[in-house]
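The block underneath contains the structure these notes are about, expressed in structure tokens.
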Amino acid sequence: MPAFPQQFTSTISHWQASNRGRGSLWNHGRHDPLPTEVVDYVIIGAGVTGASLAYQITRAGGAADGKSVVVLDAKDVASCASGRNGGHIAPRSWELFGPLTTPLEEGGAGLSEEDALDILYFEAEHLEVTADIIRKEKLDVDLWTGQRLEVFTTDEGVRRNRELMAQFFAAKAKSAKHRHKRVDWELVADTAEAQRLTRLPAAKELIRGPAGSWHPHRGTTGLLRLALASTSSYCRFFSWAPVARLEQLDSGGWALHCGERGVVRAREVVLATNAYTRHLFPEDMARGEGIPAHIIPYRHQACHITPPDSYAGDGALTNSYSVERGPYLIQTPAGGMILGPFSATVIDVFGSKRDMYPIEDDSGTTGKFRNWMAGYCPQNFAGWGAEKDGEGVDRVWSGILCHSVDLVPLVGRVLDKPGLWASISYNGHGMAKIVNITRCLAENMRTGVWDDRLPRCFEITHARLERAKKCKPFLDEVKDAEKAKL
Ligand SMILES: Cc1cc2nc3c(=O)[nH]c(=O)nc-3n(C[C@H](O)[C@H](O)[C@H](O)COP(=O)(O)OP(=O)(O)OC[C@H]3O[C@@H](n4cnc5c(N)ncnc54)[C@H](O)[C@@H]3O)c2cc1C
């Protein structure tokens, strides 16, 4: 069954609520006829992936130089995860060695340490690439760059951090490719100093390293606007144009069936459809094979907080945060904070993946998450104090993400489907990868050759999909855990 039109009405995020004026691309092309001529490239999805890829391929000399590009979205620009996230561009620390190098059979990605290093340095580079584009294009997106505090609040968290730090440094020393690279992460082992820096009395130890944040709805819109303004490509965007079915044409290329809006024909198609991708492969989905078997949609919830005056002005937080058994958190330049629980926090605090997986509906929020988010700052930040009317949590929303069973994105040509490309499934961490991935994917589309700046483990291969069948059964594990609780 197609995912669109959706039978529910989505919640509205802080980002979507604060970018609605003229120029924001809401309803863009909604009532225009779809193209009748064959288009060179169609990108399905106008989230950060689709917008950033459209921007990249429409640069002079890019894959679409002298060609036509159409971006289709089932709803509005950044209507899904890209307009509903934490806004946190948070390159990962050596912490990623844990899930990435754990064997598939034990719930990890089963990657080598060299793969993990590739991803760590790719994400570090992503922050620089994103900031460079924003500055070069003068995008008004509230870019902040600074440091993220990764805070450990349990003895087990402290121990695990030391273990992964040692694993990272040992792997780096062995790596011909990475051994000479800078390490931007620093350990603050002194508990009093960790508490002073974080203002969290529960902090035991922390590490700190580069991070950023932006207004993701304005960022996505800004990149798409630059694509639409390209003078070297002819780029158009049609919102509210859901692709219900993909048809591979015998004559070459693709027909995209968009219900009442008609059919768009394209030479090449890129899936930037993230959590909803599996609906475009209904047969594989029914058989539990291929890409649909490799990815799972899941739902997260986040909120906007107006801090009391104790955390305003000179008292405002100066870093972004990732707190063990707690939230990710950013301070926006205008003074509000965005906060939401990590998946690990949901499982640790609420005890079940079933609160997240496999959910595709972002129409509601849940009382227990709302209460947890509303209580987090008053209960954990020192001297937060009483919240006046209008302070504290003032907006809560949900959004749908995409999890791949081997924990890394799927990027590049779709297997056995000439002219079909994809960039999907970022495991809750797309803001720290997508701009860099799409920069490389655009180059791959231009040259036809894999761009070696991209971690090779992101590539969609038969071997990868086959290997991932060894993954610990994801939802069975949930069922077992739930049965054990009964
Ligand atoms: C609550 C929440 C908090 C998050 N916080 C962070 C964070 O702080 N840092 C971070 O790095 N990441 C975070 N993420 C994840 C991040 O938002 C995603 O990785 C990223 O936005 C994915 O971008 P995308 O463009 O690939 O997907 P999406 O933004 O989901 O876009 C996919 C688009 O495809 C369209 N589409 C799908 N199917 C079709 C179809 N058949 N026809 C037409 N259009 C279609 C959809 O309408 C949608 O607009 C968070 C996500 C959520 C929900």
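A DSSP coil position with no more than 15 other Cβ atoms inside 10 Å describes the following chymotrypsin sites (Phe, Trp or Tyr not before Pro) in the range 1-110: Phe8.
For the range 174-280, trypsin sites (Lys or Arg not before Pro) are listed when DSSP marks them as loop and at most 13 other Cβ atoms sit within 10 Å of their Cβ; the list is Lys177, Arg179, Lys181, Arg182.
Computed with the Debye formula from one identical point scatterer per Cα of the range 163-320, without solvent, the log10 of I(q)/I(0) at q = 0.18 Å⁻¹ comes to -1.19.
Sort 162-168, 125-131, 135-141, 312-318 by packing, meaning the average of other beta carbons within 10 Å per residue, with the highest value first.
Packing proxy ranking, top to bottom: 125-131, 162-168, 135-141, 312-318.
Remark: the Cα gyration tensor places the range 416-471 in the oblate category, a/c being 1.5 or greater and a/b not exceeding b/c.
Taking 0.36 nm per residue of separation and subtracting the Cα-Cα distance, what length does fully extending Val263 through Val129 add?
Values: separation 134, 0.36 × 134 = 48.24 nm, distance 3.59 nm.
The Val263-Val129 span can extend by a further 44.7 nm.
Evaluating 6.51 cos²θ - 1.76 cosθ + 1.60 at θ = phi - 60° for every residue in the range 199-216, the Karplus couplings come out as 6, 10, x, 7, 5, 9, 6, 8, 10, 9, x, x, 7, x, 8, 8, 8, x Hz, glycine and proline recorded as x.
Here's the list of aspartates and glutamates a cross-link from Lys136 could span, going by alpha-carbon distance under 18 Å and ignoring same-chain residues fewer than 8 apart: Glu125, Glu128. When the P(r) is computed for the range 331-404, the part past 18 Å accounts for 47% of the Cα-Cα pairs. Here the Karplus curve 6.51 cos²θ - 1.76 cosθ + 1.60, taken at θ = phi - 60°, turns the phi angles of the range 64-79 into couplings of 9, 4, x, 10, 9, 10, 10, 10, 10, 9, 5, 10, 8, 4, 6, 7 Hz, with x standing for Gly and Pro.
Rounded, prolate or oblate: which fits the range 321-361 when a ≥ b ≥ c are the square roots of the eigenvalues of the alpha-carbon gyration tensor, with rounded for a/c under 1.5 and prolate only if a/b beats b/c? Note, shape of the range 321-361 comes out oblate. Separation of the alpha carbons by more than 32 angstrom is noted, of Lys75/Lys172; Lys417/Lys469; Lys172/Lys433; Lys138/Lys433, for Lys75/Lys172. Take the Cα of Lys138, step 7 Å toward its Cβ, do the same at Thr102, and the gap between the two points is 4.8 nm.
For the chain, the ratio of Cα radius of gyration to the globular rule of thumb 2.2 N^0.38 Å stands at 0.95.
Amide H to amide H, with H built 1.01 Å from N, Ala211 comes under 5 Å of Gly146, Gln147, Arg148, counting only residues 5 or more places away or on other chains. For the range 1-131, the square roots a ≥ b ≥ c of the C-alpha gyration tensor eigenvalues yield an a/c of 1.5 or more together with a/b exceeding b/c, which makes the shape prolate.
Which FRET efficiency, nearest 0.05, do Ala229 and Asp190 yield, Cβ-Cβ r, R0 45 Å?
E between Ala229 and Asp190, to the nearest 0.05, is 0.30.
In a DSSP loop and with at most 14 other Cβ atoms within 10 Å, the GluC sites (Glu not before Pro) in the range 255-331 are Glu289. Angle of helix 474-485 to the longest C-alpha principal axis of the chain, folded into 0 to 90 degrees and rounded to 10: 40°.
Every number here is computed from the coordinates shown, using simple stated rules; none is lab data. Note that the coordinates shown come from a computational prediction; the quantities given were computed from them, not determined experimentally. Every residue, glycine among them, receives a Cβ derived from its backbone with ideal geometry; neighbour counts consider all protein chains shown.
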